[in-house]
Amino acid sequence: MSEYKLGEVIMPREVIAKRVKELADQIANDLNKQEVLVVGILTGASLFLTDLVREMPEDMDVRIDFMSVSSYMQDTTTSGVVRILHDIKTSIEGKNVLVVEDIIDSGLTLNYLLKLLQSRKPAILKTCVLLDKPSRRKTEVKVDYVGFEIPDEFVVGYGLDYAGKWRHLKDIRNVNVVEI
Ligand code: PRP
């Protein structure tokens, strides 16, 4: 039998906070501080989103909404079908939208969501992910803002979980599998 144990800190809270501030500055600058609807994909992105928006300028019109999705594969290579469990509450037609994710892995979730949101005719649709595992990608996805690129290792904390656990950790850590 194996047990999952918290491993070392691979991204300390200070490093995350500095990068989150840089991302917020860059996003605000690129949007010329115009109104933006920031859409977080539950549950993992919620912690990142709340820090990100609080680093945006106070004189910028920043709105927040969330989507909840349940993803499952129809086949293992190209198509990820995402079931929408909770949708955003308002129309995004003609609006500036920023989709926020904690991590992009195969890219299937974000690819599906972007197609869906694009069909609703936003003025601008941008994406921001905290962690990117490019080596895992199964489909091409346009990611405008990336916090950090990481290798294909199992990480938890700052929103990322193992079986629902460890999302609340302030640092991002890896996980060791111990045989017992
Ligand atoms: C994670 C993450 C993305 C998705 C990325 O969500 O938040 O939504 O997986 O994987 P992909 O690029 O291979 O599609 P998860 O299903 O773990 O839900 P959670 O945010 O509730 O933990």
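The values are calculated or read from the model by the stated rules, or taken from the named source; none is laboratory data. This structure is a prediction, so every number in the text was calculated from the model and none was measured. So basically every Cβ, Gly included, is an ideal-geometry build from the backbone, and we count neighbours across all protein chains shown. Surface accessibility is based on the protein's heavy atoms, side chains included, excluding ligands, DNA and RNA. Shrake-Rupley method; radii C 1.70, N 1.55, O 1.52, S 1.80 Å.
If the condition is being part of a loop (DSSP other than H, G, I, E, B) and within 16 Å of the ligand (Cβ to nearest atom), then the range 42-62 contributes 43, 44. Scanning the range 17-41 for residues that are within 18 Å of residue 159 (Cβ to Cβ) and either within 16 Å of the ligand (Cβ to nearest atom) or among the basic types (Lys, Arg) (or both) yields 18, 19, 21, 38, 39, 40, 41. The set of residues in the range 21-53 that are of a type in the set (S, T, N, Q) and open to solvent by less than 60 Å² (accessible area, probe 1.4 Å) comprises 46, 50.
Considering 81, 69, the condition of being β-branched (Val, Ile, Thr) and under 17 Å from the mean Cα position of the chain (by Cα) is satisfied by 69 alone.
Conditions tested, residue by residue: (1) under 20 Å from residue 89 (Cα atoms); (2) assigned to a helix (DSSP H, G or I); (3) touching a helix residue (DSSP H, G or I) at 6+ places or on another chain (Cβ under 8 Å).
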residue	(1), (2), (3)
5	no, no, no
15	no, yes, no
19	no, yes, no
23	no, yes, yes
29	no, yes, no
32	no, no, no
37	yes, no, no
